[in-house]
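Please read the structure below before turning to the comments.
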Amino acid sequence: MKKYIQNFVKYRFLLGELVKKGISLKYRRSYLGILWTLIEPLLTMIVLTVVFGTLFGNNDRTFPVYILSGRLLYSFFSISTKIAMKSIRTHSSMIKKVYVPKYMYPLSSVLTEYIIFLISLIVLVAVAAVLKVKPTIYLFGAIVPLVIIAVMAYGLGLILATLAVFFRDLEYIWSVALMLIMYTSAIFYKPAKIINGGYGWLLDINPLYSVVSNFRNSIFGAPLDQRALLISIAYSTVFLVVGTIMFAKKQDVFILYV
Amino acid sequence: MGKTVVDVQHVSMRFSLSSEKVDNLKEYFIKFVKKEITYNVFWALKDINLKVNKGERLGILGLNGAGKSTLLKIIAGVLKPTEGSVTVRGVIAPLLELGAGFEPQYTGAENIYLYGAVLGYPREFIAEKYDEIVAFSELGKFINVPLKNYSSGMKSRLGFAIATIVEPDILILDEVLAVGDAKFKKKCEAKIQSMFDKGVTVLFVSHSLAQVQKICDKAILLEHGQVIAQGGIDEVSAIYEEKTK
């Protein structure tokens with residue numbers, strides 16, 4: 001254990017460099033640069049509000065905040081797991097040439113996206129202020145789902161990265177799975193519609209929904225829901241443990257397959 | 001002398017060369033059901049035992065495919081052996097593949113920090129040695145140009161300058177360092193020579209017997225993944241010459 005910590009300490013600068021590289025390369029050569037982290041969710045929010053608010057008749061004043069909060073969490077979840085899944089293959093030339101602790105690749109991918117995600121929360125704050133969603137003491141509770149989703153994305157990233165080394169198909173399968181997760185996370189509709197229809201279990205088996213719902217509770221001034229909290233903690237712990245074990249067991253043979 | 005710094009014990013490395021590469025689920029499933037998954041097992045290294053003491057300069061000889069580079073990669077930690085264990089004591093500088101992890105879109109200056117981090121150097125250490133690296137690489141004003149615009153010589157000069165900035169206890173060299181023009185090559189050789197003078201332990205792989213004889217005092221000879229001779233440089237090189245006739 002001590003050996004692993006020492007190794008992490010030795011390579012922590014690499015983690016920083018990889019994250020920095022991910023962020024700076026993402027927006028290099030685009031005119032608006034890092035501003036895109038703010039503009040992009042804002043534009044999608046407008047589109048989704050028009051479609052699901054105006055056209056489907058959700059005329060709630062704070063509906064854009066509702067959509068944006070779900071959408072931001074989902075896009076972090078989907079991008080970070082996708083990039084972490086591919087991280088071993090994108091760094092294959094490095095893996096073949098130099099020793100670096102291999103979990104650095106999925107970890108730096110998830111951290112890169114997490115920082116971009118945290119920046120993009122500025123949009124949420126701004127929109128909430130404009131639409132007069134008043135912050136309450138419960139807003140501090142938002143830290144809990146924010147931490148849980150990072151752990152969950154990293155855990156899932158480890159599982160996906162390990163599997164994707166051996167089976168490239170996973171990249172396509174995961175995109176479909178992500179779509180399913182998106183539609184069952186109540187991002188642009190109210191969960192009551194599904195629960196009243198008798199499909200509440202769909203929301204429960206979805207790892208993302210409980211995180212989204214607790215995040216929204218904190219924003220709209222409600223305490224964290226205990227049940228959702230338990231579900232999300234359970235999911236993220238299982239993903240992290242399973243992912244770490246799988247990755248640790250297989251990392252030495254990655255080099256033979258990439 | 002006498003202190004073992006590299007200890008290779010019973011190291012074997014197996015590669016599975018499946019006759020067809022199966023990397024998607026459908027194929028895997030079909031082949032699994034039909035029991036068609038076959039692997040050609042290939043032992044690149046078999047039961048290698050090796051001890052290198054501090055200050056020794058070991059040459060690794062062998063024909064193509066004898067397992068020389070695989071052995072070096074295992075010692076450098078890039079590959080994990082299928083069996084056996086390797087213990088390395090001290091700072092190791094593998095000059096195997098210079099510039100692994102260079103980012104083409106980054107400038108030379110940014111790459112110094114990135115590649116330094118890849119090699120496990122602390123950030124303050126790189127900052128402290130930054131000027132020395134730039135000076136050694138002779139890149140001058142090009143240091144702020146994206147790496148993708150560099151010539152291959154410039155890239156390898158930068159790679160060499162970063163990789164040799166540490167004072168290693170163990171130096172791993174693969175083949176001759178073909179770095180830059182004749183002038184820079186001399187500079188590299190001088191740098192490596194200065195490390196030799198400080199009593200660094202060297203592991204050196206080359207096809208050129210003359211070079212190995214010049215640098216090393218001990219040698220091993222590999223054939224088909226096995227050590228067939230081990231000892232002083234003169235006796236091993238005599239056997240090697242016999243083999244290559």
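A few remarks follow.
- Selection from region B:58-78 of residues that are surrounded by fewer than 21 Cβ atoms within 10 Å (Cβ to Cβ), away from every other protein chain (no Cβ under 14 Å) and not small (Gly, Ala, Ser): B:63, B:64
- Some residue of region B:121-129 being out of contact with any Cys (no Cβ under 6 Å at 6 or more places or on another chain), open to solvent by 10 Å² or more (accessible area, probe 1.4 Å), facing another protein chain (nearest Cβ under 10 Å) and among the charged types (D, E, K, R): yes
- Top-ranked residue of region A:85-103 - restricted to ones that are in a helix (DSSP H, G or I) and of a type in the set (Val, Ile, Thr), ranked as nearest to residue A:39 (Cα to Cα): A:90
- Selection count, region A:201-258, where residues are more than 27 Å from residue A:128 (Cα to Cα), touching a Lys or Arg at 6+ places or on another chain (Cβ under 8 Å) and touching a residue at least 60 places away in the same chain (Cβ under 8 Å): 5
- Qualifying positions in region B:227-245 - open to solvent by less than 90 Å² (accessible area, probe 1.4 Å) and at pLDDT 85 or above: B:227, B:228, B:229, B:231, B:232, B:233, B:236, B:237, B:238, B:239, B:240
- Top-ranked residue in region A:22-50 [being under 19 Å from the mean Cα position of the chain (by Cα) and open to solvent by less than 30 Å² (accessible area, probe 1.4 Å); ranked as farthest from the other protein chains (Cβ to nearest Cβ)]: A:45
- Residue count for region A:191-219 satisfying the condition of being farther than 18 Å from residue A:148 by Cα, of a type outside the set (Ser, Thr, Tyr) and out of contact with any helix residue (DSSP H, G or I) (no Cβ under 8 Å at 6 or more places or on another chain): 6.
- Against the conditions (1) at pLDDT below 70; (2) within 14 Å of another protein chain (Cβ to nearest Cβ); (3) out of contact with any helix residue (DSSP H, G or I) (no Cβ under 6 Å at 6 or more places or on another chain), residue B:15 satisfies every one except (1).
- Residues of region A:84-101 satisfying the condition of being touching a Gly at 6+ places or on another chain (Cβ under 7 Å) and open to solvent by less than 70 Å² (accessible area, probe 1.4 Å): A:84, A:85, A:94, A:98
- Evaluation of residue B:143 against (1) within 27 Å of residue A:102 (Cα to Cα); (2) modelled with pLDDT of 90 or more (one fails), failing number: (1)
- Criterion violated by residue B:160 - all others in (1) open to solvent by less than 10 Å² (accessible area, probe 1.4 Å); (2) assigned to a strand (DSSP E or B) satisfied: (2)
- When A:165, A:176, A:242 are checked against the criterion of being within 14 Å of chain B (Cβ to nearest Cβ), of a type in the set (A, V, I, L, M, F, W, C) and open to solvent by 20 Å² or more (accessible area, probe 1.4 Å), A:176 stands alone in meeting it.
- Among the residues making up region B:90-105, those that are within 7 Å of another protein chain (Cβ to nearest Cβ) and closer than 20 Å to residue B:144 by Cβ are B:101, B:103, B:105.
- Scanning region B:131-157 for residues that are within 14 Å of chain A (Cβ to nearest Cβ), open to solvent by less than 50 Å² (accessible area, probe 1.4 Å) and in a helix (DSSP H, G or I) yields a total of 2.
- Test result for residue A:139, more than 14 Å from chain B (Cβ to nearest Cβ), surrounded by fewer than 20 Cβ atoms within 10 Å (Cβ to Cβ), assigned to a helix (DSSP H, G or I) and in contact with a helix residue (DSSP H, G or I) (Cβ under 9 Å, 6 or more places away or on another chain): yes
- Residue that is farthest from residue B:62 (Cα to Cα), among those in region B:205-226 that are assigned to a strand (DSSP E or B) and open to solvent by 50 Å² or more (accessible area, probe 1.4 Å): B:218
Each row is one residue, and each column tells you yes or no for (1) of a type in the set (A, V, I, L, M); (2) under 18 Å from the mean Cα position of the chain (by Cα).
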{"residue": "A:173", "(1), (2)": "yes, yes"}
{"residue": "A:213", "(1), (2)": "no, yes"}
{"residue": "A:223", "(1), (2)": "no, no"}
{"residue": "A:237", "(1), (2)": "no, yes"}
{"residue": "A:247", "(1), (2)": "no, no"}
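- Restricting A:144, A:125 to those that are surrounded by fewer than 20 Cβ atoms within 10 Å (Cβ to Cβ) and without any contact (Cβ under 8 Å) to a residue 24 or more places away in the chain reduces the list to A:125.
- Pick from region B:163-204, criterion small (Gly, Ala, Ser) and open to solvent by 20 Å² or more (accessible area, probe 1.4 Å), ranking: modelled with the lowest pLDDT: B:178
- Count of residues meeting criterion [farther than 22 Å from residue A:54 by Cα and part of a helix (DSSP H, G or I)] in region A:176-219: 26
- If only residues of region A:1-21 that are closer than 18 Å to residue A:79 by Cα and among the aliphatic types (A, V, I, L, M) are counted, the one that is surrounded by the most Cβ atoms within 10 Å (Cβ to Cβ) is A:18.
Here's the yes/no breakdown for (1) surrounded by fewer than 17 Cβ atoms within 10 Å (Cβ to Cβ); (2) closer than 30 Å to residue A:170 by Cα; (3) at pLDDT below 85:
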site: B:35; (1), (2), (3): yes, yes, yes
site: B:56; (1), (2), (3): no, no, no
site: B:93; (1), (2), (3): no, no, yes
site: B:99; (1), (2), (3): no, no, yes
site: B:105; (1), (2), (3): yes, yes, no
site: B:111; (1), (2), (3): no, no, no
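The values are calculated or read from the model by the stated rules, or taken from the named source; none is laboratory data. It should be emphasised that the depicted structure is a prediction, and the values quoted were computed from it without experimental measurement. Neighbour counts are summed over all protein chains in view; Cβ atoms, including those assigned to glycine, are modelled from backbone coordinates with ideal geometry. When the accessible area is computed, the model is the full protein with side chains, heavy atoms only, and any ligands, DNA or RNA have been set aside. Shrake-Rupley method; radii C 1.70, N 1.55, O 1.52, S 1.80 Å.
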